[in-house]
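Values in this text are rule-based calculations from the coordinates and carry no lab data. Quick caveat, the model's predicted, so the values are computed rather than measured. Reconstructed Cβ throughout: ideal geometry from the backbone, glycine too, with neighbour counts over all protein chains shown.
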Amino acid sequence: MFGRIAARYDLANRLLSGGIDKWWRFRLVRAVQKSKPQRILDLATGSGDVAFALGKSVTSAKEIVGMDFCQPMLDQAIRKLEAQSQPATSIIRFQQGDGLALPLPDESFDAVSISFGLRNMANRERSLSEMRRVLRPGGRMFVLEFSQPYPWLKPLYLFYLRKVLPTFAGFITGDRGAYVYLNETIEQFPNRADLSEEIRRAGFSHVSVSSLTGCIVALHEAVR
């Protein structure tokens, strides 16, 4: 499914979020920056927007690995990388990998980020466990993901998800079904408190969460 929409994925994100996705990424990158990591894994990197933002802003970084299961999405990221010649992109590389069985050694990263990808994992518990495995002791995980909005916002938000988003996205990408899937996975995803508890059960400590845009999105941070 993601392979089918890869070519127009970035455009759809900008239009469907009204550009707010840039703010959400800024908040993630700022949180990662504070931990001053040298080796960063950006899991479910997609077309690489978060990896590029990390490369630009996290001055402590020596290596950033963008990993995704979907090769057509990675192909978009690689095209962007090849089109750039900035020093910040020289530390970035992209690699295919399964979030449920990362092809990476234990304790090999200072930080792991995942943006709007945990929701697509077939087994969240296993994915969280894998992220913990590749983090060094004291390393940090950052999860930027859709959440459940505040009650006052929920009726309007659900109307947008169910009625407006699939039709508009279908026009942009030619694949309405992909965004019906998006709507369904968002509605079924845990709220910020329940996801925080899942993260704790996976063995993380110091779990914190910030609500963004009426809690449409939440940013979770945790320590291995």
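A few points about this structure:
- Unsatisfied cross-links (Cα-Cα over 19 Å) in the set Lys22/Lys62; Lys36/Lys80; Lys34/Lys80; Lys34/Lys56; Lys56/Lys80: Lys22/Lys62; Lys36/Lys80; Lys34/Lys80
- Calculated over the chain: convex hull of Cα atoms, volume per residue (Å³): 107 Å³
- Among Phe94, Phe116, Phe142, the residue with the largest mean-square fluctuation in a Gaussian network model of the chain, with springs joining Cα atoms closer than 10 Å, is Phe116.
- In terms of its Cα atoms, the stretch 11-91 spans 32, 25, 24 Å along the principal axes, sorted from long to short.
- Antiparallel bridges, percent of DSSP beta bridges restricted to the stretch 41-166 (to nearest 5): 5 percent
- Cα-based shape type of the stretch 34-142, given that a ≥ b ≥ c are square roots of the gyration tensor eigenvalues and the cut on a/c is 1.5: oblate
- Using Cβ point charges alone (K and R +1, D and E -1), the dipole size of the chain about the Cα centre works out to roughly 500 debye.
- Dipole magnitude of the stretch 104-156, debye to nearest 20 (Cβ charges: Lys/Arg +1, Asp/Glu -1, about Cα centre): 180 debye
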